[in-house]
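Chemist: Take a look at the following structure, please.
The values are calculated or read from the model by the stated rules, or taken from the named source; none is laboratory data. Please read these numbers as outputs of a predicted model, since none were measured by experiment. Here the Cβ positions follow ideal geometry from the backbone for every residue, glycine too, while neighbour counts run over all protein chains shown.
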Amino acid sequence: MFDVLLKLKWFFRKFWKQYTIAIVFLIIASFLEVIPPWLLGNAIDEITKDQMTAATLRNFLILFVAIIIGSYVMNFIWQYRLFGGAITLERILRKRLMHHFLKMTPTFYEKNRTGDLMAKATNDLNAVSLTAGFGIMTLIDSTVYMGAIIVAMGIFISWKLTFFAMLPIPIMAILMQYLGKIVHERYTAAQNSFGTLNDHVLESVAGVRVIRGFVQEKKDESRFSEMSEEVFQKNIHVAKINALFGPITKVGTGISYVVTLGYGANLISNGEMSVGQLITFTVYLGLAVWPVMAVGELINVMQQGNASLDRVQETLKYEEDVKDSHDPFKAVNPSSIGFEQYTFQYPFSQGKNLQSISVHLQKGQTLGVVGKTGAGKTTFVKQLLREYPLGEGQLVFGDVDIAKIPKEQVLDWIGYVPQDHFLFSRSIRENILFGLEGGGRIRLQEAIRLADFEKDLENLPLGIETLVGEKGVSLSGGQKQRVSIARALIKNPEILILDDSLSAVDAKTEAKIIENIQRERKEKTTIITTHRLSAIHHADWIIVLDDGIIIEEGTHEELLSKSGWYKEQYDRQQLEGVSE
């Protein structure tokens, strides 16, 4: 049950001062709370003996006020420290998770659903935080506070009555321990189900246009209802077990009250205990109700926190699929890019996705990559982004193997415009400046000009300050592509990769953007993958991929003279009026 505290020892060790102060003051507050019932019993005995005087009453009142003020101060300090520590733990774990998410490669997200990751970053972290705050409090209350009450009852009143009145507690503890294990299992299942529901909601929101387009609203609602019902039922299973803790506690304390009144009356009649002492004992027994309930709460919170922490740690323990070299080499500039008999296979693929690729590109040159859908164009450019473990053969920048260069440095050289253009729910200005933090007005305007986006800004309601909506929903496909291109160009990267990034713009706009890139990036490297050959006829070298194999390569003129796939595709596009 207390495994979760051992797993969090790194946190308690780091913030030991804060937790030491909290626990010490909590213990002091616990002992202070057992004094008023003892004073009350003494006062009642004084009254029954007709010995209460004004001075005695004043002394009792002063002691009560002093204890009340002292308890208030103590409770404020331990609550501030303890629950402040719990919030700190949640913040630390949330930062760790976010940092972990950002450095993970696609393989991680292929293995983990987004909804489940969100559940871990919200519900699970809340449960862990509850353990570090409320859990510690219930631990002290169910041990130290309970111990203080039992000691006070046994020493100040009657050890015999205390012994018989406390007999139900061990039985309750055993029952609660058994129920706690069931809570752990059911809570884990409920959280997993909640993660699945989260994932479905994300997919439905992201694909709402497709759902409406295919008139699948009712089917999606039905599926959501089924999943919600599953989450509901699993949480109900947890609630059913949690609901047993309260009745067990009340039955146990009820038995203790019966024993106290029956056996206590017998002790009074035998002269072994006074009326004031019985009243004090009854008050102590009332105070003991919470510590007994705290045992159930402790087991419940610890088991849920343990289950949630296991889920979070499982994610944090996932190691990067692509790691930097232990002996990194800091290259100054990518003077060239070279693939030498390079072969690559995705982690979950059944066959080779790239085979025996050999390409050499000097700085300042443009490489065109073409081929039918699924030929491996995106797979080819992603090798430069280090998203997956490297394949066989060589991939070098200059004379240095890419595996020896830090990933951050490689990515700093590259400006990447992917096929799926993701825009943040911010203004166009913020989306473009995302490519270069702190970029000035001149750089911003230059990037917009190169992406041929100036006229579009004039037609937007707030110009460059227009909010694009979630994932750029308020912009057209072509506008989103050009904002993404501007975001990459503002960085003025050494290597620009356009991965089929002009598919949604018309031929005239495409020609304008390509012309701008040619003119402004004469000394820098550009790689363009495309289906429209008009985008790469100017390239210094062109490769044609088919099932991950280079089937043709050369300049535009050389490929046209070979009468292969490239020539056939070029002629077809000419007839269709796609190419100029």
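Chemist: Based on what the data block shows, is Gly368 among the small types (Gly, Ala, Ser), in contact with a Leu (Cβ under 7 Å, 6 or more places away or on another chain) and either within 24 Å of Thr107 (Cα to Cα) or modelled with pLDDT of 90 or more (or both)? Write out each step before concluding.
Modeler: Values: among the small types (Gly, Ala, Ser): yes; in contact with a Leu (Cβ under 7 Å, 6 or more places away or on another chain): no; either within 24 Å of Thr107 (Cα to Cα) or modelled with pLDDT of 90 or more (or both): yes.
Here the answer is no, as Gly368 does not meet what is asked.
Chemist: Which pairs have Cβ atoms under 6 Å, sit 6 or more apart or on different chains, and link a residue in the stretch 519-533 that is of a type in the set (S, T, N, Q) to one that is in a loop (DSSP other than H, G, I, E, B)?
Modeler: Close Cβ pairs (under 6 Å, with a partner that is in a loop (DSSP other than H, G, I, E, B)) amount to Thr525/Lys363; Thr529/Asp500; Thr530/Asp500; Thr530/Ile536.
Chemist: Of these, Arg223, Arg212, Arg186, which one is more than 26 Å from the chain's Cα centre (by Cα), assigned to a helix (DSSP H, G or I) and either assigned by TED's automatic domain parsing to the domain that holds Gln304 or surrounded by 19 or more Cβ atoms within 10 Å (Cβ to Cβ) (or both)?
Modeler: After applying the criteria, what remains is Arg212.
Chemist: Here's another thing I want to ask about it. Can you find a residue in the stretch 352-359 that is at pLDDT 85 or above, within 33 Å of the chain's Cα centre (by Cα) and of a type outside the set (Lys, Arg)?
Modeler: Yes: the stretch 352-359 contains one or more residues that are at pLDDT 85 or above, within 33 Å of the chain's Cα centre (by Cα) and of a type outside the set (Lys, Arg).
Chemist: Related question: Can you name the strands (runs of 3 or more DSSP E) wholly within the stretch 492-580 that have at least 1 residues being surrounded by fewer than 23 Cβ atoms within 10 Å (Cβ to Cβ) and among the aromatic types (Phe, Trp, Tyr)?
Modeler: 541-546
Chemist: With respect to Lys377, determine if the residue is of a type in the set (Lys, Arg) and in contact with a strand residue (DSSP E or B) (Cβ under 6 Å, 6 or more places away or on another chain). Before you say what the answer is, go through the steps one by one.
Modeler: Numbers: of a type in the set (Lys, Arg): yes; in contact with a strand residue (DSSP E or B) (Cβ under 6 Å, 6 or more places away or on another chain): yes.
The answer is yes for Lys377.
Chemist: Taking the stretch 95-104 on its own, how many of its residues are surrounded by 16 or more Cβ atoms within 10 Å (Cβ to Cβ) and either closer than 26 Å to Ile136 by Cα or not assigned by TED's automatic domain parsing to the domain that holds Ile136 (or both)?
Modeler: 1
Chemist: Select, from Arg58, Arg81, the only residue that is among the charged types (D, E, K, R) and over 22 Å from Ile140 (Cβ atoms).
Modeler: Testing whether each residue is among the charged types (D, E, K, R) and over 22 Å from Ile140 (Cβ atoms) leaves just Arg58.
Chemist: Let me ask you something else. What tally of residues in the stretch 246-271 results from selecting those that are part of a loop (DSSP other than H, G, I, E, B) and in contact with a Leu (Cβ under 9 Å, 6 or more places away or on another chain)? Working first, answer last.
Modeler: Filtering the stretch 246-271 for residues part of a loop (DSSP other than H, G, I, E, B) gives 270-271.
From the residues that got through so far, the ones that are in contact with a Leu (Cβ under 9 Å, 6 or more places away or on another chain) too are none.
Number satisfying all stated conditions: 0.
To keep it simple, each residue is scored yes or no on (1) among the aliphatic types (A, V, I, L, M); (2) within 30 Å of Ile157 (Cα to Cα); (3) in the same structural domain as Val292 (by TED's automatic domain parsing); (4) out of contact with any helix residue (DSSP H, G or I) (no Cβ under 6 Å at 6 or more places or on another chain).
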| site | (1), (2), (3), (4) |
| --- | --- |
| Asn198 | no, no, yes, no |
| Ala206 | yes, no, yes, yes |
| Phe245 | no, yes, yes, no |
| Ile255 | yes, yes, yes, no |
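Chemist: Okay, next question. Find the residue count for the stretch 4-52, including only residues that are more than 53 Å from the chain's Cα centre (by Cα), at pLDDT 80 or above and not in a helix (DSSP H, G or I).
Modeler: 0
Chemist: Answer yes or no as to whether Tyr109 is more than 25 Å from Ile27 (Cβ to Cβ) and in the same structural domain as Ala206 (by TED's automatic domain parsing).
Modeler: Spelling it out, Tyr109 is indeed more than 25 Å from Ile27 (Cβ to Cβ) and in the same structural domain as Ala206 (by TED's automatic domain parsing).
Chemist: Also, I was wondering about something else. Give just the number: which of (1) closer than 26 Å to Tyr145 by Cβ; (2) assigned to a helix (DSSP H, G or I); (3) over 27 Å from the mean Cα position of the chain (by Cα) does Leu298 not satisfy?
Modeler: Every listed condition holds for Leu298 apart from (3).
Chemist: Let me ask you something else. Could you list all residues from the stretch 317-331 that are over 13 Å from Val410 (Cα atoms) and exposed (fewer than 11 other Cβ atoms within 10 Å of the Cβ)?
Modeler: Lys317, Glu319, His326, Asp327
Chemist: I've got another one for you. Hey, among the residues in the stretch 439-484 that are in contact with a Ser or Thr (Cβ under 7 Å, 6 or more places away or on another chain) and acidic (Asp, Glu), which one's nearest to Arg429 (Cα to Cα)?
Modeler: It comes out as Glu465.
Chemist: Filter the stretch 260-301 for residues that are more than 30 Å from Ala127 (Cα to Cα) and aromatic (Phe, Trp, Tyr); which is surrounded by the most Cβ atoms within 10 Å (Cβ to Cβ)?
Modeler: Top of the filtered list is Phe281.
Chemist: Can you pull out every residue in the stretch 472-486 that is without any contact (Cβ under 8 Å) to a residue 60 or more places away in the chain and within 28 Å of Ser336 (Cα to Cα)? It would help to see each step written out before you state the result.
Modeler: Let us first name the residues in the stretch 472-486 that are without any contact (Cβ under 8 Å) to a residue 60 or more places away in the chain, namely 472-480, 482, 486.
Within the stretch 472-486, Arg482, Ala486 qualify.
Chemist: Please determine, by comparing only the residues of the stretch 292-309 that are of a type outside the set (A, V, I, L, M) and modelled with pLDDT of 80 or more, which one is nearest to Lys160 (Cα to Cα).
Modeler: Among those residues, the one meeting the criterion is Gln303.
Chemist: Follow-up question, since we're still on this one. Regarding the stretch 528-544, can at least one residue be identified that is farther than 23 Å from Arg572 by Cβ, touching a helix residue (DSSP H, G or I) at 6+ places or on another chain (Cβ under 7 Å) and at pLDDT 85 or above?
Modeler: no
Chemist: Quick one: Arg386 ticks every box in (1) surrounded by 20 or more Cβ atoms within 10 Å (Cβ to Cβ); (2) at positive phi; (3) over 26 Å from the mean Cα position of the chain (by Cα) bar one, so which box is it?
Modeler: (3)
Chemist: Would you mind listing the helices (runs of 4 or more DSSP H) fully within the stretch 375-486 where at least 3 residues are in the same structural domain as Ile542 (by TED's automatic domain parsing) and not β-branched (Val, Ile, Thr)? Even if it seems obvious, please write down each step before you answer.
Modeler: Numbers: elements: 377-382, 407-413, 428-433, 441-450, 454-459.
Ranges flagged: 377-382, 407-413.
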